[in-house]
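The structure appears right after this line, and notes come after that.
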Amino acid sequence: MARIRSKPDAAGMPISRTQATLEGRPLIQGSLCSMKRFQSLLSVAVLIAIPLGTARSSLAASKLNIVTSTQDPSAITRDIGGDHINVDSIAKGYQDPHFVEPKPSFLLKLMKADLLEVVGLELEIGWLPPLITQSRNAKIQVGANGYMDLSRFCEILEIPTGQVTRAMGDVHPLGNPHYWLDPENGRRMAKAIQQKLAELHPEDAAYFAQREADFERRLTDSEKRWDAAMALYRGRKVITYHRSWPNFAKRFGLDVVDYVEPKPGIPPTPSHTLELINLMKREGIKLILVEPYFDLRTPNAIASAVGGQVLVLLPSVGGVKEVNDYFQLFDYDINLLTAALAKTK
Ligand SMILES: [Zn+2]
């Protein structure tokens, strides 16, 4: 059941992911080894942190230091916090947020953080909890005032009703964590972040409120544009690789019929791939949406078997260089999607 994915990161460093956890159910095996690894990460981090800490100016100290697990919360936080905060994300938008290789630099970020924002719903369970513990930063421990789980403010889909078992694959037991792909949830995240920033820095409350109002105004305008672009294609059937898109599909009226993964988090199998080809032929489905960190071979093979098309759509800000904020994410995806939907029936 262990998953191995390998993909070079932007710096050309191979990120090998020998994943020994199912979301929500870490396996015992490997925990000793990872503890050792975190201890050595920590000592490296401490060595680097000491000179940094003494050099930090009082000016920088007056700004809130915010760390987010992925780039989507950091993009929204930057819009709300402006130049009165520092914000940085751990995972980058081109990485699979379920699997992130820990690095000493992540610990450094967490050690200095006043606030940690997470997507939650166990999206980050495979990598973030040990980093939080090892940071030894009391402000951001789970349950502390500087730990913010954004899922609590959003509409969550696909919450399993029965018991979740391993046979179901990597089912997220608390519901689907890819919720930021509905702009209404983006609005809720922005509001919650504004309130948290104001709570932590009351002297900047008016500044954050004004920027949040501006964010909402821009979002409302953008939504009109996105809804209009997608309106022509309501009810269109698509296949997606992973279950990253339920909130997006619900909001914009797409019908996600099946997945390239036979079960969430489980790599494609020949038998499921064949079923998909038959399904797509039977129902005339032409479009396969794939997140940028998955292998394209199976999707490409399926597409060529059915005369369809593979579209690499971004689930996150930072998925490509030119997508730097929450608005650009939807602009990019909806542009690609509508162009592809226009070409297929
Ligand atoms: Zn997922």
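The values are calculated or read from the model by the stated rules, or taken from the named source; none is laboratory data. Predicted, not measured: the structure shown is a model, and the values here were computed from it. Neighbour counts are summed over all protein chains in view; Cβ atoms, including those assigned to glycine, are modelled from backbone coordinates with ideal geometry.
A few points about this structure:
- Only one entry of Pro129, Pro173 meets the criterion of being closer than 30 Å to Val260 by Cβ and part of a helix (DSSP H, G or I), and that entry is Pro129.
- Of all residues in the range 84-97, at least one satisfies being modelled with pLDDT of 95 or more and in a helix (DSSP H, G or I).
- The residue that is nearest to the ligand (Cβ to nearest atom), counting only those in the range 168-189 that are farther than 13 Å from Val119 by Cα and touching a residue at least 60 places away in the same chain (Cβ under 8 Å), is Asp170.
- Residues of the range 314-325 classified as within 13 Å of the chain's Cα centre (by Cα) and aliphatic (A, V, I, L, M), total: 2
- Residues of the range 194-230 that are free of Cβ contacts under 8 Å to residues at least 12 places away in the same chain and among the small types (Gly, Ala, Ser): Ala198, Ala205, Ala206, Ala213, Ala228.
- Residue among Val256, Val320, Val238, Val310 that alone is away from the ligand (no atom under 16 Å from the Cβ), surrounded by fewer than 20 Cβ atoms within 10 Å (Cβ to Cβ) and not acidic (Asp, Glu): Val320
- Any hit, the range 263-277, residues being surrounded by 19 or more Cβ atoms within 10 Å (Cβ to Cβ) and β-branched (Val, Ile, Thr): no
- Number of residues in the range 314-345 that are touching a residue at least 60 places away in the same chain (Cβ under 8 Å) and in a loop (DSSP other than H, G, I, E, B) equals 11.
- Only one entry in Arg166, Arg218, Arg211 is over 20 Å from the mean Cα position of the chain (by Cα), farther than 26 Å from Leu64 by Cα and among the basic types (Lys, Arg), namely Arg166.
Yes or no, residue by residue, for (1) out of contact with any helix residue (DSSP H, G or I) (no Cβ under 8 Å at 6 or more places or on another chain); (2) of a type in the set (A, V, I, L, M):
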position	(1), (2)
Val257	no, yes
Lys263	no, no
Thr273	no, no
Asn278	yes, no
Ile288	no, yes
Ala303	yes, yes
Pro315	no, no
Thr338	no, no
